[in-house]
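The values are calculated or read from the model by the stated rules, or taken from the named source; none is laboratory data. As the structure is a prediction and not an experimental result, all values here were calculated from the model. Virtual Cβ from ideal backbone geometry, glycine too; neighbours counted across all protein chains shown.
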Amino acid sequence: MRRKGKPKPTSLVLSNSMKQIRCKKIIEQVKKMCMEANFELGDDVLQAFNAAQADEESPIGKEIMGILIENARIAQDESIPMCQDTGFAVFFVELGDDVRIVDGNLIEAINEGVRQGYAEGYLRKSICHPFTRKNTGDNTPAIVHIEPVPGDQLKIIFAPKGGGSENMSRVTMLRPSDGKKGIKEFVVNRVRESGANPCPPTIVGVGIGGTFEKAALLAKKALLRPLSSVHPDAELAAFEKEILQAINDSGIGPQGLGGRTTSLAVHIELFPCHIASLPVAVNINCHAHRHKEVIL
C-alpha cells in the first residue's frame, strides 16, 4: 500500500503584480471629487446649455438658459455650490481584478471622503433617517455600486443626486406587448407629469430590461454618459432621439416656464429581460448635471 502523506497546505498568495491602492489615497480623491462636482459643471453640460440657448424659441426660456450659464460660471469662479441641494452621494466604482485595497475598507474609505469633502466644501448635508428625519450630519452613508472588471485600475465616478429630480423618477413593469410604443409613452408621460419639479432642462436616463431593480440601476447609470455622445446601437440612438423630440414638444421648457428645451438628452441602457415582463425605469436629473471621475 502507498503511504499517505500529509496534504500540502493551500495558500492564497497574492501575486507580486497585484496593484495596491491605499485607502488614504481613495479618501483624498473622493473628498476632492465631492467639492469639484458641486462647483464645476462638465464641458459637455456647458456646451449643451449654450446650444440650447441658441436654439430656444421662447424669450423667457432663452433668458433662463443665460442665467443657468452665468450661475455655472459663478459657482466655478468662486468655488461655491451651483445648487443648494448638493445631493445624495452616489458612486459607481469599477474595481479591477488585479487591485488590492490596503489599510482599510473601500466602502468606508469612500464614506470618509464624503464626510471630509462635504465638511470642507461647506456642502449641504441632506441625508436623514426615513422615519425620524434625523440628519446623519455628514451626508453619509453614500450609495456605492461596485462592479468587478478586468485589469489593475480602480475607477470611481461620483454623481451627486438632488432630491427634486430623484423624486420624479419611476419604475414600472410593462407588458411585453406594450413594446417600444409603451416605453415611449411611459417616459414622455413621466416627464410631462414631473413638470417644473425636477428643474428642467433635464437629462432623462432610461433603463429597459433586466428585473425591477436592474432597470432602475440601468436608468441611473445611463445618466453618466456624456451629453454629446451617441448610443453605439443605431436603433437605440434613433429611439433616444425620438423620445427627446416628443419630450421637447411638450412645451414645458426651462424651469417649466415654457419653451423648446425641456430636456437636453435622453440616454438609454438596455439589458435582456424575462419573457413575461418588460421592466422600464426613468431616472431624471436636473440641469445641475454633476459628475466627476478618477482612475487610480
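Select from the stretch 195-209 the residues that are surrounded by 21 or more Cβ atoms within 10 Å (Cβ to Cβ) and out of contact with any Ser or Thr (no Cβ under 8 Å at 6 or more places or on another chain) and write down the one among them that is farthest from residue 92 (Cα to Cα).
208
Tell me, which helices (runs of 4 or more DSSP H) wholly within the stretch 8-115 include 1 or more residues that are within 19 Å of residue 146 (Cα to Cα), in contact (Cβ under 8 Å) with a residue 40 or more places away in the chain and outside the structural domain of residue 198 (by TED's automatic domain parsing)?
By residue number, 23-39.
Can you tell me which residues in the stretch 265-288 are over 13 Å from residue 208 (Cβ atoms) and buried (at least 23 other Cβ atoms within 10 Å of the Cβ)?
Within the stretch 265-288, 265, 284, 285, 286, 287, 288 meet the criteria.
Taking the residues in the stretch 173-194 that are among the polar types (S, T, N, Q) and out of contact with any Leu (no Cβ under 9 Å at 6 or more places or on another chain) as candidates, determine which candidate is surrounded by the most Cβ atoms within 10 Å (Cβ to Cβ).
194
Please specify each residue of the stretch 245-265 satisfying the condition of being within 18 Å of residue 50 (Cα to Cα) and touching a strand residue (DSSP E or B) at 6+ places or on another chain (Cβ under 6 Å).
263, 264, 265
Give the stretch 83-98 a look and list any residue that's over 16 Å from residue 293 (Cβ atoms), more than 17 Å from the chain's Cα centre (by Cα) and surrounded by 18 or more Cβ atoms within 10 Å (Cβ to Cβ), or say none.
None; the set is empty.
Which one of these is outside the structural domain of residue 273 (by TED's automatic domain parsing), under 30 Å from residue 19 (Cβ atoms) and of a type in the set (A, V, I, L, M, F, W, C): 224, 218, 154? Talk me through it step by step, then tell me what you get.
Working: 224 fails: outside the structural domain of residue 273 (by TED's automatic domain parsing); 218 fails: outside the structural domain of residue 273 (by TED's automatic domain parsing).
Going through 224, 218, 154 in turn, the sole match is 154.
Please verify whether the stretch 268-281 includes one or more residues that are charged (D, E, K, R) and either assigned to a strand (DSSP E or B) or modelled with pLDDT of 95 or more (or both).
yes
In the stretch 222-243, is there at least one residue being surrounded by 14 or more Cβ atoms within 10 Å (Cβ to Cβ), part of a helix (DSSP H, G or I), in contact with a Gly (Cβ under 6 Å, 6 or more places away or on another chain) and modelled with pLDDT of 95 or more?
yes
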